[in-house]
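Trainee: One structure, as structure tokens, below. Some questions next.
Each value in this text was obtained by applying a stated rule to the coordinates, not by laboratory testing. Since we're looking at a predicted model, the values are computed, not measured. Cβ: placed from backbone, ideal geometry, glycine included. Neighbour counts: every protein chain shown.
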Amino acid sequence: MRYTTDSFRPTSQIDVLHTKPVEKNYIEIAEISIRLNKKTREYGVAYLREKAMELGADAIILLGERSRGTVIIPVSSMLLAAPLKDLCAIAIKYK
């Protein structure tokens, strides 16, 4: 989800932050996310970094996992509950 109509040139490096940077001014470009499963869990942050570079961001602020609910999967005579989760981050551009 884009937060601004401004366009930026793609970048080649991204800082990965766990909190908002207090020492630098920045603008929030977009919220980016990836649906997590066994395969994407390992490279989720790398995917978010790549998407942020395409947007021209200088850093991402990791927001963590966000639940999207649960899906019920019938397995033989049982039901299996599988959580649906996204890994989310905010792409930012330093001023």
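Trainee: Students often forget the sequence filter, so: which lysines lie under 21 Å Cα-Cα from residue 39 once same-chain residues fewer than 8 apart are removed?
Mentor: 51, 85
Trainee: Cα to Cα, under 16 Å, and not fewer than 8 places away if on the same chain: which aspartates and glutamates meet these conditions relative to residue 38?
Mentor: Correct list for residue 38: 65, 86.
Trainee: Hey, rough spin-label estimate for residue 43 and residue 18, points 7 angstrom out along Cα→Cβ, what's it come to in nanometres?
Mentor: Result: 2.5 nm between the two label points.
Trainee: Please find, in a Gaussian network model of the chain (springs between Cα atoms separated by less than 10 Å), the residue of 38, 85, 20 whose mean-square fluctuation is greatest.
Mentor: The residue with the greatest mean-square fluctuation here is 38.
Trainee: Tell me the angle of helix 40-55 to the major Cα principal axis of the chain, expressed in degrees between 0 and 90 and rounded to the nearest ten.
Mentor: 30
Trainee: Among DSSP beta bridges lying fully in segment 15-94, give the percent that are antiparallel, nearest 5.
Mentor: About 90 percent, rounded to the nearest 5.
Trainee: All other residues with a Cβ under 12 Å from the Cβ of residue 28 taken together, and with Lys, Arg as +1 and Asp, Glu as -1, what is their net charge?
Mentor: Spelling it out: positives minus negatives among the neighbours equals +1.
Trainee: Can you divide the C-alpha Rg of the chain by 2.2 N^0.38 Å and report the result to two decimal places?
Mentor: After normalising by residue count via 2.2 N^0.38 Å, the value is 1.30.
Trainee: Quick query: amide H of residue 56 versus all other amide H atoms, modeled in the peptide plane; which residues come in under 5 Å with a sequence gap of 5 or more or a different chain?
Mentor: Residues meeting the criterion, in which the H sits 1.01 Å from N, are 11.
Trainee: Would you look at the GNM of the chain, springs on alpha carbons closer than 10 Å, and say which of 21, 74, 83 moves the most?
Mentor: Highest fluctuation among the options: 74.
Trainee: Cut-off 10 angstrom, C-alpha nodes, Gaussian network model of the chain. Which of 33, 76, 67 fluctuates the most?
Mentor: Maximum among the listed residues: 76.
Trainee: Shifting gears a bit: Residue by residue through segment 13-29, what is 3J(HN,Hα) from phi via Karplus (6.51 cos²θ - 1.76 cosθ + 1.60, θ = phi - 60°)? Round to whole Hz and write x for glycine and proline.
Mentor: 9, 9, 7, 9, 10, 9, 9, 5, x, 8, 8, 10, 7, 7, 10, 8, 8
Trainee: Taking the alpha-carbon distance from residue 95 and a cut-off under 16 Å, which lysines remain once sequence neighbours fewer than 8 residues away in the same chain are dropped?
Mentor: By straight Cα distance, residue 95 reaches 20, 24.
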